[in-house]
1. Test GLU172 against the criterion of being in the same structural domain as ALA62 (by TED's automatic domain parsing), within 19 Å of the chain's Cα centre (by Cα) and open to solvent by 70 Å² or more (accessible area, probe 1.4 Å), and give yes or no.
2. With the checklist (1) open to solvent by 40 Å² or more (accessible area, probe 1.4 Å); (2) in a helix (DSSP H, G or I) in hand, flag the one item PRO90 doesn't pass.
3. Could you figure out which of (1) surrounded by fewer than 22 Cβ atoms within 10 Å (Cβ to Cβ); (2) more than 19 Å from the chain's Cα centre (by Cα); (3) not acidic (Asp, Glu) isn't true of GLY139?
4. Considering each residue of the range 198-214, count those that are within 24 Å of MET186 (Cβ to Cβ) and either in contact with a Lys or Arg (Cβ under 7 Å, 6 or more places away or on another chain) or surrounded by fewer than 19 Cβ atoms within 10 Å (Cβ to Cβ) (or both), and give that number.
5. Would it be correct to say that ASP107 is more than 16 Å from the chain's Cα centre (by Cα), charged (D, E, K, R) and open to solvent by 20 Å² or more (accessible area, probe 1.4 Å)?
6. Which one is surrounded by the most Cβ atoms within 10 Å (Cβ to Cβ) among residues in the range 54-87 that are in contact with a helix residue (DSSP H, G or I) (Cβ under 8 Å, 6 or more places away or on another chain) and aliphatic (A, V, I, L, M)?
7. Pairs under 9 Å by beta carbon, first residue open to solvent by less than 30 Å² (accessible area, probe 1.4 Å) in the range 152-167, partner more than 16 Å from the ligand (Cβ to nearest atom) and among the hydroxyl-bearing types (Ser, Thr, Tyr), six or more apart or different chains?
8. How many of the residues making up the range 3-38 are outside any strand (DSSP E or B) and either free of Cβ contacts under 8 Å to residues at least 12 places away in the same chain or of a type in the set (Phe, Trp, Tyr) (or both)?
Amino acid sequence: MSLLELNEVRAFYGAIEALKGISLSVNEGEIVTLIGSNGAGKSTTLKAVCGQVKISGEIKFAGKDMTSSPPHQAALEGIAHVPEGRRIFPKLTVKENLEMGAFSVKDKKMVKKRMERAFAYFPRLKERINQVGGTMSGGEQQMLAIARALMMQPKILLLDEPSMGLAPIIVEQIFDIIQELNREGMTILLVEQNAFQALQIAHRGYVIQTGEIMMEDDAGLLLSNELVKEAYLA
Ligand code: ATP
């Protein structure tokens, strides 16, 4: 069943048309990746889904019309956005960052339970529970950004370039965790410039170029597609 649906979504920054009528869907339980080069409109697509940019067209989530919903509404409905550049709170500890992720949950026991669940995916964060976020490595900060998003127990995770600036071995660890989260039921929309790795863990993929979807297919088929290979997997 389709959890997220974008129909003919257009977005402008001033006179620049960043999205020129994007249509895509993410089914419950899928990892869908959106690949494309710099400036193609990947981040804008995620921002559109979580209400951070104004759009025309239609966005539906879990059957509800979210086309003009503000960001807090998207969060309430279960859409968690992990933006590019892992914007954690650098002066707060790991624990405090995670608590911020569950700020709307009043029940302290529930917060603790969710934190333990997040630590099960990211044991390294548990070891560093009292460390200040800004002093952690890039990979650890990315883990914290994802863990913080999990604290709201979302229905979908929108991940914007989780591999950015990280060493290959760390990227592998993060992608393993993304896959594990998905195996346990999390639906994921993954934006990546690292097309090869993204397509390896995704079920389906969309190729976006200057604000338009150029191709969509099963991830395995995109991986072996000559045009994709030439443009994005070289
Ligand atoms: P990258 O991988 O480099 O982040 P992207 O595919 O995520 O690229 P977007 O960030 O969505 O691309 O940008 C799409 C287009 O919109 C680009 O031409 C970009 O310059 C433009 N754009 C993005 N944000 C803004 C903004 N706040 N103001 C003006 N133009 C913007």
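The values are calculated or read from the model by the stated rules, or taken from the named source; none is laboratory data. In this text the structure is predicted, and so the values were computed from the model without any measurement. Every residue, glycine as well, gets a Cβ built from its backbone with ideal geometry; the counts of neighbours run over all protein chains shown. Note: accessible area is taken over every heavy atom of the protein model, side chains too, but ligands, DNA and RNA are not part of it. Shrake-Rupley method; radii C 1.70, N 1.55, O 1.52, S 1.80 Å.
1. Yes; evaluated as a whole, the condition is true for this residue.
2. With respect to (1) open to solvent by 40 Å² or more (accessible area, probe 1.4 Å); (2) in a helix (DSSP H, G or I), PRO90 is out only on (2).
3. (2)
4. The number of residues fulfilling the criteria is 4.
5. Yes: the conditions hold for ASP107.
6. ILE79
7. PRO154/THR187; ILE156/THR187; LEU157/THR187; LEU166/SER137
8. 2
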